[in-house]
Structure formats: C-alpha cells, structure tokens
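The values are calculated or read from the model by the stated rules, or taken from the named source; none is laboratory data. Just so you know, these numbers come straight off a predicted model, no measurement behind them. Methodologically, a virtual Cβ is constructed for each residue, glycine included, from the backbone with ideal geometry; neighbour enumeration extends over all protein chains shown. SASA here: full protein model, heavy atoms, side chains in, ligands and nucleic acids out. Shrake-Rupley method; radii C 1.70, N 1.55, O 1.52, S 1.80 Å.
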Protein chains: 2
Amino acid sequence: MEDHITPRRVVILGGGFAGLFAARALRRSPVAVTLVDRCAHHLFQPLLYQCASGILSEGQIAQPLRAVLRRHHNVRCLLAEATDVDVDDRLVHARRPDGAMISLPYDDLIVAAGVRQSYFGHDEFAEHAPGMKTLDDALDIRRRLFRAFEMAESATDARERQEWLTFALVGAGPTGVELAGQIREIAGHTLERQFRTIEPGQARVLLLEGADSVLAAFGPTLARRAARTLKGLGVELHMGAMVTGVDERGLTARDRAGRITRIDARTVLWTAGVEAPPLAGVLARATGAEQDRAGRILVEPDLTIAGHPEIRVVGDLMSLNRLPGLAEVAMQSGAYTGRAIRHAVEGRTKQPKPFRYLDLGSAAYISRGRAVVKVGRLNVSGVTGWLAWLFIHIAFLTGFRSRLGALLTWLIVFASGSRRERAFTSAGTRAPTDPAPPAH
Amino acid sequence: MEDHITPRRVVILGGGFAGLFAARALRRSPVAVTLVDRCAHHLFQPLLYQCASGILSEGQIAQPLRAVLRRHHNVRCLLAEATDVDVDDRLVHARRPDGAMISLPYDDLIVAAGVRQSYFGHDEFAEHAPGMKTLDDALDIRRRLFRAFEMAESATDARERQEWLTFALVGAGPTGVELAGQIREIAGHTLERQFRTIEPGQARVLLLEGADSVLAAFGPTLARRAARTLKGLGVELHMGAMVTGVDERGLTARDRAGRITRIDARTVLWTAGVEAPPLAGVLARATGAEQDRAGRILVEPDLTIAGHPEIRVVGDLMSLNRLPGLAEVAMQSGAYTGRAIRHAVEGRTKQPKPFRYLDLGSAAYISRGRAVVKVGRLNVSGVTGWLAWLFIHIAFLTGFRSRLGALLTWLIVFASGSRRERAFTSAGTRAPTDPAPPAH
C-alpha cells in the first residue's frame, strides 16, 4: 500500500442507494470522498410510483444528497454527469449542467451509476411510452395520468373518449404492477364523482408482459395471488405479449401464437426492462471489463473490475451471480465496497471476504391493503403483506421527516382514497431516456 | 327576462380566486356552469413563493378544480384555454391541450382570466428572468435557486462562483420582498454546513425597484419597517432602479441620476409588473370595451362590460377604481358576480348595488417571524405581523388537508429552518410567459 500525504481520494459516481451507502461506510475513514450525480438528490426509487400517482410529493421521496450527507464532513457532493474515465491517469471527466467539463482525480473509483429504462432497441417508443426511473419521469407520468381523464371529459366523440380512458402498461414487474393498481384506484376512488361527462371508474387498465406471469421474480405462488388481486381490481392481464409498436394513440402487440393486436390507448407507460447507461460502455472499453446482455459490468467477487482493483462497480450496474436489481442489493454492495476501502486505508492486509448478498426479501404494493412480500421461502400477501410492506418502507425511507410525512400521508390516503399531490404542471413532455438538456 | 327551458348557461373563464368564488356563489342556482382553465388546478397564488423556495409542495398550494368543486353538481370543469369570444353568437372558443378546438355557448360569460407577468415591452428578458405566476414558474424558480448553489460549489474560478452566489430580484412588491427574504433564509439557514467549497451564507441578494420604496402599496410606515427588516437580513436594496437589459449572466440597471450599473448575477427573477393576456384584447375588440395601460378591461360599477350586460369581468383582469390586484379583490368580485347572476335567475328585477370592495387588509411575509400586515389604518409588523399573516393564510387556504399540511410544514420550517421540498427536476427551462406547448 502506498502512503498518501493528501488523504486517499475516493470518487463515487451516482447517489442512489449504492453510492449513498458506499459514502456512508466511509464516514470515519481518513479519505476525501467526492460524490458525483447528475441529480442533486437521492431518490427513494421504490416509492417513485407513489409520486407519479399523486400520493407523495417530490420532497417526500427525494432529498438533497448534501442534506443527507451533511454530517459526513469528508464527503463533497457535485452536480455533474460523469462522461468518461481515464484509467491510466485515474481521472473522471464530468459535465456540469451548464456544459462545462470538470476533471476529478481518484485513487479509488466506485461506479454506482445505475441503469436506465430499456426499450430493447426501440428507443423511438420512449416518446409515447415514458419509463419511470427519475423524478422527471414520475412528474411526466403524473401529468399524463391525470390529464388523460381531463382530456376524456372534454372529448367530443365517444371513440376518442374511450382512448383517453384506456391505459396500457408494458411490463409486469413490481413497477408495472404497482402502477396498474394505482391507476385503477385513481379511477375507481380518487376521481369518483368529480366528473360530469365521463365515468372515471370505467377506465380500462391493461398490463402487458412478455413472460408468462406478473411478478415472476416473486415465484409462482405470489405471482398467482398478485394476478388474482389485479384482476379483482379490474386490471386486464395480457401475458406472453411482445410490444411491436407504440404511437401517440396506442400500441401493437404480438401474442405467443403470432397474432398482432392493436390496443387504442392514449396513455402507454413502459416498465419492461433496463439497460446500462453509456458510461458502462466507456468503462468497459477503458478497462477491458465484460458487459452482460443489458450492458451491466461483470465484476470480481470483491466487486472490483478484473485487473483494476482500484475500480469497483456496485448497485444495479454491477453484474454478479445474476443478482436482481433491487434497492437492497444496491445498499449491501455499496456498503461492502465502502467498508473494503476503509479496511484498506486502515492497513488491513487480509484478503477481504467475497461479497455475499443477504436476501432480506422483496415486496410489491398492489392496492390499498394489498401487497405481496417474499422473505426467503416465506410468501406473504393480502393485508398481512401490506402491513409488512408498510413496515419495510417506513423503516428504509431516508430521513426522519420523510418517514413521518409519508406515514401521515398514507394514513389519509388509505383511509379516504384521496390524493394530495394531483396538481400537475403543463411543461412539455420529453423522451425520458434522453439526458436532460443543458440549461441555457 | 327570457324563460329558458334548458338551464341558463354560465361560462367562467379562469379558475383562480375570482372564477372559483363566482362558481361557488352559483351553487344553489338552477344554472349550468362551465369552468374553463388551462390548468386543471386552483392555485393558492399568495403562497406560490413558498413552493418556489422549497417549503411547500405543489399539492399543498394547488388543488384540482374538480376536487374543490366536486359537490357543486351544476359545475363542469374543462381543461382548455379560451382563445376567442364570439359576442354575437355568444360562443367561447377554447383550445384543448392537444390543440383541438371546442366551442362553448353561454348566456352569461364571466371572464376571470387574470393577468400575467409583464416585462414592459421587453419580453426577451423572460428567458433569463422568469416571473412567478404559475406552478410551472414556481418549479422553474425552485430549480434555478437550488441549482445556483450547486453550480457555485462546482465552479472552477472565483468570479464564476460569485456570479452563481448573486441573486437579483426585479420588483419590490410583496412577491419580490417575499422571495428576497426566502433566498436569504435559504442561504443563511437551510443550506448551512451542507457545502464544502462555498459558504452559502455569503450569497448576495439584490432587490431592485423602479419606485422609491419596497412595498409601496403598504404605505410609508410599513414600507420603512419592511426595508429595515430586509436590510437586517442582508438584502441589498436598490430603489429607483430601472432594468435596461437582462442576459444569462446578469442585468444592467439605470438609476435616477441616469447612471448605468452592471450587476453580475446568474439568477435573475422578475416580479416587476403584470399585463393582461391576449384574451383581453380579443374581448375588448369584440365588445368595444376600453383597456387600461396594463390591458385590463374597464368595467361598469356592476362589473359588466358597457353595452354587454351578459359579460362580466372580475379579478385581476378587471379595471375598476384602481382596485389593487389582490386575492381578496378577486374573491369579492367573483362572489359578487355569481350572486348577481343568481339574483337575475331568481327573477329579482331590482337594480343590483354597485360592487364595493371591502378592504380586509393585506399582508407580506418577509422572513421567519417577520411580516407586515395592513388593515385599514392599522399597521402591524414584526412578530405580531407574522402571527396575523399565519392566521390569514391558514384561514384562506383551500381545503382542510391543505391547511393542516401547511400548518405542520410551517411548524417544522419555522422551528428548524430546514425545507422539505428542495428536490428539483432537470427539465429544461422555458420562457415563463409562453403558453405551454401543446401536448400530444
């Protein structure tokens, strides 16, 4: 190990769960951490659908990174997007929102840049079928959802009205299932008796999925129960459906038998897959690292890149033992890697143990009082599942006030079915996978 | 009076205070009300600066019009922007968000379309100096405020850093004063100890005003006290200053002596004046009504347009006896006009009394524990003013939950100085006076 006169410089790319937990694990180490993210906030991604559906505000699920880390005096947060890594000179190049470039030298690099929505080679779908990965996406979806009912109310012919009252969701993982449940609740409860021309409760919600079941990752038992709950809510399930086209008035899908169906729906939302951002390709070329089919970077058992012990990849962007893209994996891998650097700085020479993911279970919310939770071999659903969901999400929300605020909001929402955050802006829509345009 | 077999049709343009109070006053009348607004929500405009400065969420100051009016079974809300009035055929033409046009026949028309920010013939200023009239504006300003500190933190030279830490506000009416106080509080309290390179407390806030004092409408005593409070907060006051140019790095202003000063400030906000929207010109040409200098429409003592007893103009857009553009005037004129139509429908033939504004006072918030309130000849400031401010705003916020939520949020903000709604999106900026682009 070298001796450093200046503290060892750790650069973390990404302030999601992985990056945040890495920074936290380095709190008491004599290192200088720079945390770079193109957003200034840490987003509690598992509740993003509640922001999109008008239950929670942006501030309830997103907190400034520098507020979360204010007592971590060795961490500096920078609002910039990493664009390139120079592995020989150990430099990260990043672009600030005004387009200016900055360079950040590192001794250790932690890449926690996450993944983005994938359209499986059909990026042109994005314009009419936004994904849901960022706060911008959630507000875009909120606008589309509530505006669709407004458009139906003022529609002048019955066919157009029905199109505005049809919502097609592509992808039946947790996010798709959660959104489907939310839209049926909005239609059936939140908007009840607030329209004069349309009957919002008649809105159709279609959930399309290429695989054979909803929530496949939860195993057949919970998948079956979730499907039953969704059907009970009035969600129409289309399994084994591959989307072949999306436009502003709907989509076309091919079923297992090769039949093409047209679905007229003015609102199409996409949660079907993820892919690595361009930075992953840059990093793979620079280090010789392999990428999996989604572009994620294959890592060693200690989460470093082969041949580059100074570069670690954590969270959704790492590819290791087919671990799922869950918040819990991101937290644990981030914390592991922060600890590994701390131990190295402390001069521990013992080879670190390989990363092991401790499966604490996973949960998906379906509707008021209904959720599915899987903990090891234990399957919980219905009201019990929902209570477990509530406990997990309260426990993990960042910040005391967020927890209290969310809990109070949920009490009101679950008791009354009304939603506080229905106001939407009129800002133009944009393709959600595009980087934000530089300001000015 | 004619007999109508179908109920008398009342079209209200605008869902601000004036339009909302007109609709409410018609609740028990056998009329069919159509309320048209280009936003789906009623905005509690007096608290917009608190949304811009990260205290309140959108949902706390904006509620769906149809939710507010859900028990008004004779009111239909439509999301559209009125573009033209055909006074002969008694038709309003309006554009839906997707660009489609709809026509709405009326027997009575209530124009409550409000005013927008005025740049006094320099609309090119808008790009770099957003106004604050809509929810979009507030979120744009929130993004600019918090991003400025982020940019300062990552700035690579001292001059650029100082530019990002300089905020210039044009216009020292209530909104300008409130924003100035908010920015100093954000800099001095909210962001304390959250940056590693900059000292946010050193941010400069300049308040420029063409007149000779801040809050001129509150009279000399309160104006003097407000100026003292602002100076105590560190706000630099530049009275008698006319802005002659704005660009992305600052502005130029001319003082009374004709001297031109350049102010380098990467954030410029504009609250200096208002003007009528294009609809006012359309209406004036169609009816022969006169407009005042800001384009507001001159009305008769009963708030109708001369020669057009079926058309009434209320709220900020009406020009009558130099009444100020206050929420209270809008509420009272809206309610007056709704009652006048109700009385006419009920067959009362007595000439209605002219509209009289009952001045309940006005208030401006300066900082935590400091506000100025004017009620008739009574001037209240300091902590007493602030308590009066608190009471007034709680009393008038629409909806029980908004009130409770705002009160709880304020308790936390006033006790701790922290703000919950600091998360901002990365959406591109836009000129705030532009109409929203048509959505698909």
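A few notes on this one:
- Gap separating the Cα centres of the range A:174-204 and the range B:30-85, nearest whole Å: 20 Å
- With a 1.4 Å probe rolled over the protein heavy atoms of all chains, the accessible area of B:R90, B:R293, B:R193 falls in the order B:R293, B:R193, B:R90, largest first.
- Annotation for the range B:257-359: GluC sites (Glu not before Pro) lying in DSSP loop with at most 14 further Cβ atoms inside 10 Å of their Cβ are B:E290, B:E346.
- In this view, the solvent-accessible surface of A:K231, computed with a 1.4 Å probe and all protein chains in place, comes to about 130 Å².
- Pairwise label distance in nanometres, A:A286 with B:R259, each label 7 Å out on the Cα-Cβ vector: 5.1 nm
- Beta bridge orientation in the protein assembly as shown: antiparallel %, DSSP, nearest 5: 50 percent
- Solvent accessible area, Å² - A:V68, 1.4 Å probe, full protein context: 20 Å²
- The range A:1-92: GluC sites (Glu not before Pro) in DSSP loop, at most 16 other beta carbons within 10 Å: A:E2
- Accessible area of B:R420 in the full protein assembly, 1.4 Å probe (Å², nearest 10): 40 Å²
- The helix-based estimate of mean residue ellipticity at 222 nm for the protein assembly as shown, built from -39,500 (n - 2.57) per DSSP H run of four or more residues and divided by its residue count, is -9500 deg cm²/dmol to the nearest 500.
- On Cα atoms only, tilt of A:327-345 relative to the major axis of chain A in degrees: 10 degrees
- Built amide H within the under 5 Å cut-off of A:H72, gap 5+: none
- Part-to-part distance (alpha-carbon centres) for the range A:351-418 and the range B:303-381, which is given in Å: 50 Å
- Once backbone amide H atoms are built at 1.01 Å from N, B:L35 has B:I12, B:R76, B:C77, B:L78 as its partners under 5 Å, excluding neighbours fewer than 5 places away on the same chain.
- Closest approach of a chain A Cβ to the axis relating A and B (residue, whole Å): A:S57, 2.
- Projecting the Cα atoms of A:A152, A:I183, A:A227 onto the charge dipole of the range A:118-256, computed from C-beta unit charges around the Cα centre, puts A:A227 farthest toward the positive end.
- At 0.692 mPa s and 37 °C, Stokes D of the range B:306-381 from Kirkwood alpha-carbon radius, µm² per second: 224 µm²/s
- Label-point separation, A:A158 to B:R28 (7 Å along Cα→Cβ), nm: 3.9 nm
- Across chain B, the convex hull enclosing all Cα atoms gives 144 Å³ per residue.
- For B:I366, distant residues with modelled amide H under 5 Å away: B:A371, B:V372
- Chymotrypsin sites (Phe, Trp or Tyr not before Pro) within the range A:288-386, DSSP loop, no more than 13 other Cβ atoms inside 10 Å: none
- Relative contact order, whole percent, for chain A stands at 21, derived from Cα pairs under 8 Å and 6 or more residues apart.
- Accessible surface ranking that places the most exposed of B:F424, A:F21 first, with a 1.4 angstrom probe: A:F21, B:F424
- Listed residues B:T156, B:T261, B:T175 arranged by accessible area, highest first, probe 1.4 Å: B:T156, B:T261, B:T175
- Put a plus charge on the Cβ of each Lys and Arg, a minus charge on the Cβ of each Asp and Glu, and nothing anywhere else: the dipole of chain A about its Cα centre is then about 1600 debye.
- Eigen-decomposition of the gyration tensor built on the alpha-carbon atoms of the protein assembly as shown gives equivalent ellipsoid semi-axes of 48, 36, 22 angstrom, largest listed first.
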